[in-house]
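The next block holds one structure in the form of structure tokens; read it before the comments.
The values are calculated or read from the model by the stated rules, or taken from the named source; none is laboratory data. Bear in mind the structure is a predicted one, so any value in this text is a computation, not a measurement. For neighbour counting, all protein chains shown are included, and Cβ atoms are generated from backbone atoms with ideal geometry for every residue, glycine included.
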Amino acid sequence: MSTLPTTEVILVAARRCISERGPGKLTLSAVAAEAGVSRPTLYHWFPNKALLLGALSAYEVEQFDLGLQAVAEAHRSPSRRLDATLRYLVTYLDDSMGPDPIAADPDFALQSLADSLGPHVESLARVLGDALDQLPTVRSGALSRQQAAEMFLRVAYSHYLVPHRDPEALLITLRGFAGLTGRYQPA
């Protein structure tokens, strides 16, 4: 039995169903079965697919923000916070987007990325704060913190449009832009 609230169990199940079938083939009955709840329970919380997808989008933005905050709070040093946050960004997208989101449903995948960009930029810029000042382009005044956060996210998002055969290449690129040298050192 899950200790998560019913709505969260449903949202997690919806994400799994979308990853497996794509949103076009998503049915509320399949989500209810995946979540282990009755259809009336699912319909109580999410009367239609559009409301479920909207709630899922908001939930994913919230999960990104919570995870980002936890990673950043574990590091005092701005450069360590930046490094750990870049790793989180790469692993979060790998975990949340699935192995090939573009092939499953290009329109949905692209719209999901577009919808999440603004909230993700706000979150990344807020959570990293002074850690973004470590970037040569921010330090020189060429980019603002907000612009740097957006650049990191756009580069990360592009990895899902044109994937590299080595997923670590994305992290290496992001770390290089950030001026971080040496190997990534987890806390």
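Determine which member of the set R87, R76, R16 is within 18 Å of the chain's Cα centre (by Cα), within 30 Å of G179 (Cα to Cα) and basic (K, R). If you could, list the steps in order and put the result at the bottom.
On the way: R76 fails: within 18 Å of the chain's Cα centre (by Cα); R16 fails: within 30 Å of G179 (Cα to Cα).
Result of the check over R87, R76, R16: R87.
For residues in the range 1-41 being of a type in the set (S, T, N, Q) and modelled with pLDDT under 90, which is surrounded by the most Cβ atoms within 10 Å (Cβ to Cβ)?
Among those that are of a type in the set (S, T, N, Q) and modelled with pLDDT under 90, it is S19.
Only helices (runs of 4 or more DSSP H) wholly contained in the range 101-159 count here; list those with 1 or more residues that are touching a residue at least 24 places away in the same chain (Cβ under 8 Å) and buried (at least 20 other Cβ atoms within 10 Å of the Cβ).
On the way: elements: 101-104, 106-128, 136-139.
It comes to 101-104, 106-128.
Within the range 1-60, how many residues turn out to be in a helix (DSSP H, G or I) and under 20 Å from D95 (Cβ atoms)? Lay out the reasoning, then the answer.
Just the residues of the range 1-60 that are in a helix (DSSP H, G or I), to begin with: 6-21, 23-25, 28-35, 39-45, 49-60.
Pick out the ones that are also under 20 Å from D95 (Cβ atoms) and you get 8-21, 23, 31, 34-35, 53, 55-60.
Here the count works out to 25.
Checking F46 against (1) more than 19 Å from the chain's Cα centre (by Cα); (2) under 16 Å from S112 (Cα atoms), which test does it fail?
Tallying (1) more than 19 Å from the chain's Cα centre (by Cα); (2) under 16 Å from S112 (Cα atoms), F46 fails exactly one: (2).
Given the residues R21, R81, R39, which is the only one that is among the basic types (K, R) and assigned by TED's automatic domain parsing to the domain that holds D94?
Details: R21 fails: assigned by TED's automatic domain parsing to the domain that holds D94; R39 fails: assigned by TED's automatic domain parsing to the domain that holds D94.
Step by step, each of R21, R81, R39 is checked, and only R81 is among the basic types (K, R) and assigned by TED's automatic domain parsing to the domain that holds D94.
Given the criterion within 13 Å of D83 (Cα to Cα) and in contact with a Pro (Cβ under 7 Å, 6 or more places away or on another chain), identify the matching residue among A178, A131. Before the answer, list the steps.
Working: A178 fails: in contact with a Pro (Cβ under 7 Å, 6 or more places away or on another chain).
A131 is the lone residue from the list that is within 13 Å of D83 (Cα to Cα) and in contact with a Pro (Cβ under 7 Å, 6 or more places away or on another chain).
What are the residues in the range 119-128 that are within 13 Å of E60 (Cα to Cα) and small (G, A, S), if any?
Restricting attention to the range 119-128, the residues satisfying the condition of being within 13 Å of E60 (Cα to Cα) are 119-120, 123.
Listed by number, the list holds a single entry, S123.
Here are the criteria: (1) in a helix (DSSP H, G or I); (2) touching a residue at least 60 places away in the same chain (Cβ under 8 Å). Tell me which single one H75 does not satisfy.
With (1) in a helix (DSSP H, G or I); (2) touching a residue at least 60 places away in the same chain (Cβ under 8 Å) applied to H75, the lone miss is (1).
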